[in-house]
Amino acid sequence: MSAQQPTLEALRLGHRIREARERARPVDGSKPTQQWLARQFTPERTPQQISTFEMGRNIPAVSVLVELYEILHGPLTDREPNAEEFAEWLVGWTSAKSSTDATAPSALLSDALRLLENPDRHREARRVPDGPLRSLADFPGNDPLTVILGDRRESRAKSAADCLIYSGSATDAMSINLLGGHMDHTVIRSDKLLVRMPQDYLESMPELAKSNLLVIGSPAANWGARILNKDDAIFSFRIDEDVVARDETLRADDRMQDERFASVFGDLLRRSHHGDGMTTLDEDERQLIAGAEALAQTVLDGSTAKAMMNKFRSLGILDPADQEHHAQFTYGSNDFAVVTMARNPWCADGRYRAVICGGIHGPGTAWALRELLTNPERFANRPLGAVLEVKLRLDLDWPTRFEKATGFFQTREYTVEDVLENLEIAGGRDRDARKPVFRLMSKESLVSRAAFVRDILGS
């Protein structure tokens, strides 16, 4: 390939190669690094060449692809090469090669490639059921899609949407292009919309009420994730109930839609605006500041703004399938993320649904989103969602850590019926009699989640 940006097909082939390498288990006990793989070729190649393959910047010759596959799936890794699996590699290689070499779009070429592709393993070619989204393996489905991204928070707050929540990151959106052809049916909206506008208005918007939603980011940085996390998401971030209640108090206060009041409230959160000693203020301004101070005291409840914001992401993730409280600790070299189906609360009849993809930190969000968009079939045995652990290399610069991150499922395989049973049993017991993970959920939340799972089974 030339210096031009890799095509979507080349990126997918590179992802397949990298993933196969990282999952390999060399019989000599070596780690499956790019350097190890390069040494197995005859003649030897360089780690830099392997890197260009994995990043989609260079499409290997077909003979190199064959050798690469046999190294990763042969005696060196105590495996048997599989012709059916390699056929999928060849289809991916053909798509990548043609997308790079074709001088002009060709309907004939596109149609031929679609016929070659295995519908069970390639998202754009496979047939997904019509009707409501039933499994993450079918994502993004056949319906319109609205992506909800965390927006920038104004330094001088203009509404509740700018308060007690982190700004979204550009890295949250860097894999959206992997939607491929579905981008033609996709719109992107700011999460601030969900806080600034009343419920009846949101329910009248086709982008929300008549579309599936992809919410990118954690409740610490995306209002959509925060709103759905309470009762609508099947897998959820652990957020203490009193924190949720205080956050809802903030959003429910109509005064926060007034820019002057919101600005004063935001200043108070930063401890940079105080009413004491402001003798030049008129009575109206004094009342405004007093009201903002009272609201800040109620919402913060003796805490700080930053501490409260971090409580929306740092306490772990609740897994109703494993019945475990995952991701309670992270280190510099790892992150956790959740991909989960959720009820779309702005769709009155339940026809359209939501998917949340968020990490405790940015790398978790980025890797989980890439996994969902490039390999949705991996969720076939985790249809409602999963917790994922993401591994990072600390020897790399920050952007490269995102690019080189690897991950795996924490959640074991399950069925939809398994999750429903777990939720119904927990919802029928007093809090102290539940398994520990379900003691962290309210009865109302358990009942709501169980009802949504029943809707999925019945759709």
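The values are calculated or read from the model by the stated rules, or taken from the named source; none is laboratory data. Just so it is clear, the model here is predicted, and its values are computed rather than measured. Don't worry about glycine lacking a Cβ; one is built from the backbone with ideal geometry, like all the others, and counts go over all protein chains shown. Quick note on the areas: whole protein, heavy atoms, side chains included, nothing else; ligands and nucleic acids left out. Shrake-Rupley method; radii C 1.70, N 1.55, O 1.52, S 1.80 Å.
At 0.36 nm per residue, minus the direct Cα-Cα distance, what do Lys391 and Asp200 gain on full extension? Give it in nm, one decimal, please. All intermediate terms of the calculation are to be shown ahead of the outcome.
Numbers: separation 191, 0.36 × 191 = 68.76 nm, distance 4.22 nm.
Stretched out fully, the Lys391 to Asp200 stretch lengthens by 64.5 nm.
How large is the helix-only mean residue ellipticity at 222 nm for the chain, computed as the sum of -39500 (n - 2.57) over DSSP H runs with n ≥ 4, divided by its residue count, in deg cm²/dmol to the nearest 500?
Only helices count here, giving -12500 deg cm²/dmol.
Rolling a 1.4 angstrom probe over the protein heavy atoms, how many square angstrom per residue are accessible across the chain?
46
I want to check the label-to-label distance for Arg429 and Ala38. Put each point 7 Å from Cα in the C-beta direction and report it in nm to one decimal.
5.4
Return the carbon/sulfur percentage of the accessible area of segment 146-215, one whole number, probe 1.4 Å, all protein chains in place.
53
Give me a comma-separated list of calculated 3J(HN,Hα) values for segment 378-385, in order, Karplus coefficients 6.51, -1.76, 1.60 applied at θ = phi - 60°, integers in Hz, x for any Gly or Pro.
Once rounded to whole Hz, the list reads 5, 8, 4, 9, 9, x, 8, x.
Given a 1.4 angstrom probe, I'd like the percentage of the accessible area of segment 389-452 that is carbon and sulfur, rounded to a whole number.
Answer for segment 389-452: carbon and sulfur cover 51 percent of the accessible area.
Put a dot 7 Å past each Cα toward the Cβ at Arg79 and Ile176; how far apart are the dots in nm?
Here the modelled spin labels are 3.4 nm apart.
Once a ≥ b ≥ c are taken as the square roots of the eigenvalues of the Cα gyration tensor of segment 184-335, is the result rounded (a/c under 1.5), prolate (a/b larger than b/c) or oblate (a/b not larger than b/c)?
Oblate, since a/c reaches 1.5 and b/c is not below a/b.
Once fully extended, how much extra length lies between Gln48 and Tyr331, figured as 0.36 nm per residue of separation less the alpha-carbon to alpha-carbon distance?
Result for the pair: 99.0 nm of gain on full extension.
Per 0.36 nm of contour for each residue apart, how much would the distance between Lys210 and Ala290 grow if the chain were fully extended, relative to their Cα-Cα spacing?
That pair, Lys210 and Ala290, stretches by 24.6 nm at full extension.
Roll a 1.4 angstrom probe over the protein heavy atoms and tell me the percent of accessible area of segment 235-387 that is carbon or sulfur.
47
Just list whichever of Lys210/Lys404; Lys210/Lys435; Lys311/Lys435; Lys31/Lys97; Lys230/Lys435 have alpha carbons separated by over 26 Å in the model shown.
Lys210/Lys404; Lys210/Lys435; Lys31/Lys97
Of the beta bridges DSSP finds with both residues in the chain, what % are antiparallel, to the nearest 5?
On the way: 24 of 38 bridges.
In the chain, DSSP labels about 65 percent of beta bridges as antiparallel.
If packing is taken as the average number of other Cβ atoms within 10 Å across a peptide's residues, how do 218-231, 41-54, 312-325, 373-386 rank, most packed first?
My ranking of the peptides, most packed first, is 218-231, 312-325, 373-386, 41-54.
What spacing in nm lies between the two simple spin-label points modelled at Trp398 and Ala245, each 7 Å away from Cα in the Cβ direction?
With each label point 7 Å from Cα toward Cβ, the separation is 3.8 nm.
Quote the FRET efficiency, to the nearest 0.05, computed for Ala61 versus Asp28 with a Förster distance R0 of 25 Å and r equal to the Cβ-Cβ distance.
Computed FRET efficiency for Ala61 and Asp28: 0.40.
Provide the FRET efficiency to the nearest 0.05 for the Arg454-Ala87 pair, computing r from the beta carbons and using R0 = 35 Å.
After rounding, the FRET efficiency stands at 0.35.
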